[in-house]
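The values are calculated or read from the model by the stated rules, or taken from the named source; none is laboratory data. Predicted model, so just to flag it, every value in this text is computed and none were measured. In this analysis, Cβ positions are derived from the backbone assuming ideal geometry, glycine residues included, and neighbour counts consider all displayed protein chains.
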Amino acid sequence: MADLYANENFPLAAVRSLREMGHDVLTSFDAGTANQQIPDAEVLAFATSSGRAVLAHNRLHFKKLHRQQSHHAGIVRCTEDTDFSALASRIHRSVARDEPLRGKLLSVTRGSDPS
């Protein structure tokens, strides 16, 4: 199971589902950085220093950060989905398929079912 860091805009219901699946998910609230509008580069730096892959909806920003700096613990960028359980399941399957996540950029989209 993966060590993940959920960016502040990532849904808590999806975090709960991922935790139930056995992932260790730290949220920005848990880290004491919620509602502080931390820039994405700093989010990635924090996650990397914590050995955690970032979970984020800011797809374009994190793709750009990955191109600029591929030495990170992983980035899982997701499309928004109000079916949080389905979102968590897609993330779980994608992460399981691609572990270890170090240096990888994963894209998890609605309707995708990584196999």
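Overview of results
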item: Condition check for LEU44: outside any helix (DSSP H, G or I) and under 22 Å from ARG102 (Cβ atoms); result: no
item: Some residue of region 104-112 being on the phi > 0 side of the Ramachandran plot and surrounded by 13 or more Cβ atoms within 10 Å (Cβ to Cβ); result: no
item: Test result for GLY51, at pLDDT below 95 and either touching an Asp or Glu at 6+ places or on another chain (Cβ under 7 Å) or surrounded by fewer than 17 Cβ atoms within 10 Å (Cβ to Cβ) (or both); result: no
item: Region 9-21, residues that are of a type in the set (A, V, I, L, M, F, W, C) and either more than 23 Å from GLN36 (Cβ to Cβ) or crowded, with 21+ Cβ neighbours inside 10 Å (or both); result: PHE10, ALA14, VAL15, LEU18, MET21
item: The lone exception for ASP83 - which of (1) acidic (Asp, Glu); (2) closer than 19 Å to ARG110 by Cβ; (3) surrounded by 14 or more Cβ atoms within 10 Å (Cβ to Cβ) it fails; result: (3)
item: Among (1) modelled with pLDDT of 95 or more; (2) within 14 Å of VAL108 (Cα to Cα), the one test that LEU60 misses; result: (1)
item: For LEU26: the one exception among (1) buried (at least 22 other Cβ atoms within 10 Å of the Cβ); (2) over 18 Å from VAL108 (Cβ atoms); result: (1)
item: Boolean, LEU18 is assigned to a strand (DSSP E or B), within 13 Å of ALA2 (Cα to Cα) and aliphatic (A, V, I, L, M); result: no
item: One residue from ALA41, ALA6, ALA2 being out of contact with any Pro (no Cβ under 8 Å at 6 or more places or on another chain), surrounded by fewer than 19 Cβ atoms within 10 Å (Cβ to Cβ) and either under 15 Å from LEU87 (Cα atoms) or at pLDDT 95 or above (or both); result: ALA41
item: Enumeration of residues in region 68-99 that are in contact with a strand residue (DSSP E or B) (Cβ under 6 Å, 6 or more places away or on another chain), assigned to a helix (DSSP H, G or I) and among the aliphatic types (A, V, I, L, M); result: ILE91
